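Since the structure comes first, as structure tokens, the remarks are kept for the end.
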Amino acid sequence: QVQLVESGGGLVQAGTSLRLSCAASGITFSNYAMGWFRQAPGKEREFVAAIAWGGSVTNYKDSVKGRFTISRDNAKNTVYLQMNSLKPEDTAVYYCAARLLRVEVGVRDYDYWGQGTQVTVSS
């Protein structure tokens, strides 16, 4: 049974940082590209960042480039999202997702999803 479990969300002030983690089980983690997506109230789920199976390829939503960093530790079956200089518009539920091998940016491209972790940024 595949499980993706996010952690690290919370309520923070604008300009501060958070690090999200996503622990995976039930898959051969090093074979999977991992993505982070987010969904704000009343909006569609959107791509935030993704990292290829080996970690050498990453992709980011334009509005988070330079502020967010995705990384992975294949020995720990964990992917991270370091979020710096947070803004109120980053407020959303953040989800991690997994797909085989290649980085993609579409919600429908991912096979497995976590339950999400809430990030709230106050102004």
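The values are calculated or read from the model by the stated rules, or taken from the named source; none is laboratory data. No experiment lies behind these values; they were computed from the predicted model shown. As a convention, Cβ positions derive from the backbone with ideal geometry for all residues, glycine included, and neighbour counts pool all protein chains shown. Only protein heavy atoms, including side chains, enter the accessible area calculation; ligands, DNA and RNA are left aside. Shrake-Rupley method; radii C 1.70, N 1.55, O 1.52, S 1.80 Å.
Observations, loosely collected:
- Residue match in segment 55-78 (condition: open to solvent by less than 60 Å² (accessible area, probe 1.4 Å) and touching an Asp or Glu at 6+ places or on another chain (Cβ under 6 Å)): no
- Residue in segment 1-14 that is least open to solvent (accessible area, probe 1.4 Å), counting only those that are in contact with a Ser or Thr (Cβ under 6 Å, 6 or more places away or on another chain) and farther than 29 Å from A75 by Cα: A14
- E89 being more than 17 Å from V2 (Cβ to Cβ), over 13 Å from the mean Cα position of the chain (by Cα) and part of a helix (DSSP H, G or I): yes
- Cβ pairs under 6 Å, 6+ apart, first in segment 92-116 and more than 16 Å from V2 (Cβ to Cβ), second surrounded by fewer than 16 Cβ atoms within 10 Å (Cβ to Cβ): A92/Q39; A92/A40; V93/Q39; V93/Q118; V103/V57
- Some residue of segment 52-71 being of a type in the set (V, I, T), outside any loop (DSSP other than H, G, I, E, B) and within 15 Å of S7 (Cα to Cα): yes
- Near pairs, Cβ below 8 angstrom, 6+ apart or cross-chain, from segment 20-33 (open to solvent by less than 10 Å² (accessible area, probe 1.4 Å)) to any residue that is acidic (D, E): L20/E6; C22/E6; A33/E104
- For the criterion of being touching a Leu at 6+ places or on another chain (Cβ under 7 Å) and in contact (Cβ under 8 Å) with a residue 12 or more places away in the chain, Y80 passes.
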